[in-house]
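Peer 1: Dropping the structure in here first, questions after.
The values are calculated or read from the model by the stated rules, or taken from the named source; none is laboratory data. Predicted model only: the values in this text are computed from it and were never measured. Cβ sites come from the backbone with ideal geometry, for glycine too, and all protein chains shown count toward neighbours.
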Amino acid sequence: MKISILYSSKTGKTERVAKLIEEGVKRSGNIEVKTMNLDAVDKKFLQESEGIIFGTPTYYANISWEMKKWIDESSEFNLEGKLGAAFSTANSIAGGSDIALLTILNHLMVKGMLVYSGGVAFGKPKTHLGYVHINEIQENEDENARTFGERIANKVKQIF
Ligand SMILES: Cc1cc2nc3c(=O)[nH]c(=O)nc-3n(C[C@H](O)[C@H](O)[C@H](O)COP(=O)(O)O)c2cc1C
């Protein structure tokens, strides 16, 4: 089973969180995972993935233009029925990262993907829409990113 983690990142913060989430996916076990900048997507691996985790910096309380461009131009992939999840990084707690997550989930639904937040049922981190990493206050919360990755991987295995 495969999971792709796709991200855009200009100053490295979203990339760093993507790699933490990858660690969590690996911790789940029996999953091949690739973490890829949107500039360098392994198309075959992406198409073969049962799960795709999308990560974006929060720009003007929404997704990055790079993420929007990739989604708009990704019609070569058939993502129908795959499990999708989202994470975002932001500077401020009220900076609009939840809106960025909703925008990603919205786009994934248009593509026919199943969407999963990671859930609150398992307790902390309580990811209502997906994982949010606030740079100023979450410097020591890297484990939450790993746990998010592990939960998405567990759900992919449960469904597929
Ligand atoms: C053009 C631009 C717009 C941004 N807008 C927001 C914003 O609306 N809210 C916020 O909390 N942070 C905002 N930020 C900060 C970034 O979301 C934050 O630094 C992010 O972690 C950067 O990710 P990166 O290092 O992967 O590029 C903005 C940054 C840029 C460059």
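Peer 1: Between 55, 29, which is more than 14 Å from the ligand (Cβ to nearest atom), closer than 18 Å to residue 148 by Cβ and not β-branched (Val, Ile, Thr)?
Peer 2: Working: 55 fails: more than 14 Å from the ligand (Cβ to nearest atom).
When all the criteria are applied, what remains is 29.
Peer 1: Taking the condition in contact (Cβ under 8 Å) with a residue 40 or more places away in the chain, touching a Ser or Thr at 6+ places or on another chain (Cβ under 6 Å) and closer than 18 Å to residue 7 by Cα, does residue 118 pass? Break it down into steps so the answer makes sense when it comes.
Peer 2: Values: in contact (Cβ under 8 Å) with a residue 40 or more places away in the chain: no; touching a Ser or Thr at 6+ places or on another chain (Cβ under 6 Å): yes; closer than 18 Å to residue 7 by Cα: yes.
Criteria not met by residue 118.
Peer 1: Still on this structure, I have one more. Can you tell me which residue within the stretch 53-78, out of those that are in contact with a Leu (Cβ under 7 Å, 6 or more places away or on another chain) and of a type in the set (Phe, Trp, Tyr), is surrounded by the most Cβ atoms within 10 Å (Cβ to Cβ)?
Peer 2: Per the stated criteria, the residue is 54.
Peer 1: Which residue pairs have Cβ atoms closer than 8 Å, lie 6 or more positions apart in sequence or on different chains, and pair a first residue in the stretch 39-66 that is closer than 25 Å to residue 93 by Cα with a second residue that is hydroxyl-bearing (Ser, Thr, Tyr) and modelled with pLDDT under 95?
Peer 2: Sorted first by the residue in the stretch 39-66, then by its partner, the list stays empty.
Peer 1: Quick check on this structure: which one of 111, 82, 124 is surrounded by 21 or more Cβ atoms within 10 Å (Cβ to Cβ) and more than 16 Å from the ligand (Cβ to nearest atom)? Break it down stepwise before answering.
Peer 2: Values: 111 fails: surrounded by 21 or more Cβ atoms within 10 Å (Cβ to Cβ); 124 fails: surrounded by 21 or more Cβ atoms within 10 Å (Cβ to Cβ).
Among 111, 82, 124, only 82 is surrounded by 21 or more Cβ atoms within 10 Å (Cβ to Cβ) and more than 16 Å from the ligand (Cβ to nearest atom).
Peer 1: Answer yes if at least one residue in the stretch 135-144 is under 22 Å from residue 23 (Cβ atoms), within 16 Å of the ligand (Cβ to nearest atom) and modelled with pLDDT of 95 or more, and no otherwise.
Peer 2: No, the stretch 135-144 contains no residue that is under 22 Å from residue 23 (Cβ atoms), within 16 Å of the ligand (Cβ to nearest atom) and modelled with pLDDT of 95 or more.
Peer 1: Still on this structure: Residues to consider are 4, 64, 97, 8; find the one that is among the hydroxyl-bearing types (Ser, Thr, Tyr) and more than 16 Å from the ligand (Cβ to nearest atom).
Peer 2: On the way: 64 fails: more than 16 Å from the ligand (Cβ to nearest atom); 97 fails: more than 16 Å from the ligand (Cβ to nearest atom); 8 fails: more than 16 Å from the ligand (Cβ to nearest atom).
Criteria check complete, one pass: 4.
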